[in-house]
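As structure tokens, the structure follows; a few thoughts come after it.
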Amino acid sequence: MITLDLARCSGCSRCEVNCSFFHSGKIGRSGARIKVVKVEDIGIDYPLVCQQCSECYCTRCPEKAIQIGSLGQIIVSPTLCTACGTCEILCPIGAIELYEEIPLVCDLCGGDPRCIMACTLDAIHYECDVTAAVSLREFKKASRGLGPEEKRLRYATIRSRELRDSWAAGRRG
Amino acid sequence: MLCGYGGHILRVDLTSGWTHREKTDPAYMLNVIGGRGLNSTRLYEELQRDCDPLTPENMLLIGVWPLTGTLLSASAFMTISGKSPPTGILGDSAAGGFFGAELKQAGYDQVLMTGRCQKPSYLYIADDCIEIRDASHLWGKDIWQTTATIRKDLNDNAVQVAAIGPAGENLVKYATVACNNSRMCGRTGMGCLFGSKHLKAVAVRGRGRLTVADSLGYLNLCRELDHKIMTHPEYEKRNSLGSTLLMTALNGIGILPTDHFQQGLCDYVDRVSGETLAEKFKVKNKSCFNCNLHCSRYYLTGEVEAEGPEFETLCSYTSRIGNNNLEFGLKMNAFLNRMGLDSLSSGETIGWAMECVQRGLLTKDDFDGLDFTWGNCQTIEKLLGMIIRREGIGDLFAEGTRSLARHFGKGSAEYAFHVKGLDMICGDPRGIKAFGLTYAIASRGGGHLRAEPFFELTERYDEAERRWGMRDIADRLSDNGKAILVEHTERQALLTDCLTMCKNIGLSMDLLDFDFASRLLTAGTGLKFTPEKVNEALKGIIDRDRKMNIDFGVTAAQDTLPRRFTHEPLKEGASKGQVVPVGRLVKEYYKARGWDAQGVPQD
């Protein structure tokens, strides 16, 4: 899975740009599977990507089009998928989103994620250990009814509290 | 299909709400490239020359370049142009952040606005849906609140907003437009232009994706540039300090504006330097779209938190006005960013008032009882509030230093440091001669960014010999060959602007040359941008800018510097005894540019 050292991220979006380019030859946030959430009023930039959560919410696909691969990555079957959007609704953090009728989610670039290579601040890392699963249960309930962008903002805001506290402690005592 | 470019030009008449999307014409773009070149050519062709900048006839243009929002590092900028409210000549201003890339992803190369909204409004662009929306609830709000409210109203945190604050609404002549809260389009009063059109903001959301013509070739060129940036000798320093590294650097060569350019040495520089800022207040790096330099900084002080400041703001609110309290400077940076007020121009009005009081030309009574002793923080804070609200004496200050000095007279005009009405930047030209020439001839007035001849500071004598056959060009104190350097870097700077790329990388780090740019453009767009074609386009744009400025009333007599820089030598430091022989340099520059003795371009 892709892990984050939040304090290092400057929000440049190089991960996003490279993700989109290497997956489609085109560049744009909508085509990226990792998206940098900018919470500008508190100075936070949060690259958000599939956390391969232990609940595997998106695999509850009614068409059974979503499976987990050997690296722990999400695999969407293009033949089974009907673009119904259930996976997008189920994901509590907005890490899977339909774009042009295709659910876009991190596929770990087959084990060599391009976003990691693109980051020059060493803010994101790839860890191969597929057993180190993260639980997103605490984010699930309140994410109901929110769009992917709102879910991402909510997740980033909550996840950055610790860093914010450390800044305040370091600079304001 | 057209690669690289967004593919559309959007025209909006704010008075009637009429909007029109037209296809970008590749043949036209070959001559203007994009960004600033595209904007100013459009002004040259369509702007009614005698219009008052604040009337609906004035145009407001937002332009991006063919490769903005793509893989290329630092290709984040967008340029806003129009007839400038404070100077009455060509006005434009660029800012980084994420707005430019988003506009491009929405499918646009340029947005042209004319007219005036009946009531406060904002323009919302979501791909091909264009809407002029009510902004009554936003009027009066500061920039940060406005950005947050628009995102909340649209229920989309990824919307990029370029907004004005109360300063723009109240038509302060040097009001700014901000994107991403802290990325300011400052200097030429584009915020005032927004305000005059009752336009609170432009919000944009692009869900499209961009293509480049030759993906692999383009990728390799981008990697080449990435590598050059990462291995540049200044990388570490620029990464940790950004442009604030100049505080110590300029003081070292004796040209750090102190007490309003009375000295080039600041004895408390260590208290207000970029190093101190990084050590005491910085919490992390910030960055523009797709940049690998990450030179901006986020900071927390006891009272405020914000992004920035860049060198010009830091210097304007510390040494230039005699303030040795860094924390106060940082507080003002956050305040100015919220309110949308330009830091250089507001700083210059303050410095001017302080010097006039020091010299006994003006007194407390002239300024509503405000005490303009050097570095008086209470006065500064109070005055800024009055400028933004145009209250009392603030109403005069809101017009800019040139008009302020005209109002008061009594010899105070000698201390109003502007060129063509635009206040001078921080960087005393007496110790950097090519910069001095740049301030004098810059087509938007007293700034360095039209040419940024940073080369003269690098002491690369052999490189100067190789490029121009003159070693002196690499000597900042020499006048020799500086016109040739400026003629060259002016094209390079325009190229960086047309590519809406960051000047720190394109120019100061000297990483962008015409050949590389032409390869990038060709790989990105598939159009035939040969080095010759690019150069021809750049020369054409510089000539058109000049012709337009001549129509606006600019003459050769205005291509000069304030008296202090041409007649009063610096008293101490590494640039002691220097002045700028501006008359001679300007003449040489006209010749190098191929203009006649009056600075008129020859066809």
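Results, tabulated for the structure shown:
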item: B:THR15 paired with B:ASP596, simple spin-label distance in nm, labels 7 Å along Cα-to-beta-carbon; result: 3.7 nm
item: Extension gain, B:LYS237 back to B:ASN535 (0.36 nm per residue minus Cα-Cα distance, nm); result: 104.0 nm
item: Over chain B: Rg over Rh, Cα atoms, Kirkwood Rh; result: 0.94
item: Value of [θ]222 nm, deg cm²/dmol, for the protein assembly as shown, DSSP H segments ≥ 4, -39500 (n - 2.57) each, nearest 500; result: -10500 deg cm²/dmol
item: Between segment B:342-358 and segment B:394-446, the Cα center-to-center distance that results, in Å; result: 10 Å
item: Alpha-carbon radius of gyration plus Dmax, which is the widest Cα pair, for segment B:8-205 in Å; result: 15.0, 43
item: log₁₀ of I(q)/I(0) at q = 0.14, 0.22 Å⁻¹ - segment B:483-603, Debye sum with one point per alpha carbon; result: -0.76, -1.23
item: Residue order, fewest to most surrounding Cβ atoms within 10 angstrom, among B:TYR122, B:TYR174; result: B:TYR122, B:TYR174
item: Segment B:185-232 and segment B:450-490: distance between their alpha carbon centers, rounded to Å; result: 29 Å
item: Scaled radius of gyration (Cα, divided by 2.2 N^0.38 Å) that segment B:388-454 gives; result: 1.27
item: Residue order, fewest to most beta carbons within 10 Å, for B:MET59, B:MET354, B:MET332; result: B:MET59, B:MET354, B:MET332
item: Theoretical FRET efficiency, 1/(1+(r/R0)^6), r = Cβ-Cβ of A:GLU55 and A:PHE22, R0 30 Å, to 0.05; result: 0.60
item: Rg/Rh (Cα only; Kirkwood hydrodynamic radius) as it applies to segment B:233-280; result: 1.01
item: Distance histogram for segment A:2-164 (every C-alpha pair counted, 5 angstrom bins, percent rounded to whole numbers); result: 1, 9, 19, 22, 23, 16, 6, 2, 0
item: In segment B:35-122, GluC sites (Glu not before Pro) in a DSSP loop with at most 15 other beta-carbon atoms within 10 Å; result: B:GLU57
item: Chain A: Lys pairs at Cα distance under 13 angstrom, eight or more positions apart or on different chains; result: 4
item: Relative compactness, segment B:405-544, computed as alpha-carbon Rg over 2.2 N^0.38 Å; result: 1.17
item: Cα-centred dipole magnitude for segment B:143-229, charges only on beta-carbon of K, R (+1) and D, E (-1), debye, nearest 20; result: 160 debye
item: Rounded FRET efficiency, nearest 0.05, which uses the C-beta distance separating B:LEU216 from B:ASP462 and R0 of 35 Å; result: 0.50
item: Efficiency of FRET from Cβ geometry, B:ASP153 and B:LYS410, R₀ 45 Å, rounded to 0.05; result: 0.35
item: Taking B:HIS227, B:HIS8 and counting other C-beta atoms within 10 Å, the order from fewest to most; result: B:HIS227, B:HIS8
item: Mean separation of Cα contacts under 8 Å, 6 or more apart, over the residue count of segment A:1-117: relative contact order %; result: 24 percent
item: Computed over segment B:252-411, Kirkwood Rh from alpha-carbon pairs, angstrom; result: 16.3 Å
item: Potential extension, B:GLU303-B:CYS129 segment - 0.36 nm per residue separation minus Cα distance; result: 58.5 nm
item: Along principal axes, Cα extents of segment B:88-160, largest first, whole Å; result: 32, 30, 23
item: Test item: Cα-centred dipole of segment B:8-205, Lys/Arg +1 and Asp/Glu -1 on Cβ, debye; result: 380 debye
item: Only Lys, Arg (+1) and Asp, Glu (-1) charged, at Cβ; segment A:3-93 dipole about Cα centre in debye; result: 260 debye
item: Prolate/oblate/rounded label for segment B:1-117 (Cα gyration tensor, a/c 1.5); result: prolate
item: All Cα pairs of the protein assembly as shown, percent lying beyond 35 Å; result: 44 percent
item: Helix A:148-159 axis, angle to chain A major axis (alpha carbon atoms, nearest 10°); result: 40 degrees
item: Dipole-positive endmost among A:LEU146, A:GLY28, A:CYS50 within segment A:23-156 (Cβ charges, Cα centre); result: A:LEU146
item: GluC sites (Glu not before Pro) within segment B:408-496: DSSP coil, no more than 13 neighbouring Cβ in 10 Å; result: B:GLU459
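Each value in this text was obtained by applying a stated rule to the coordinates, not by laboratory testing. What you see is a predicted model, and the numbers here were worked out from it, not measured in a lab. Backbone-built Cβ (ideal geometry, glycine too); neighbour counts: all protein chains shown.
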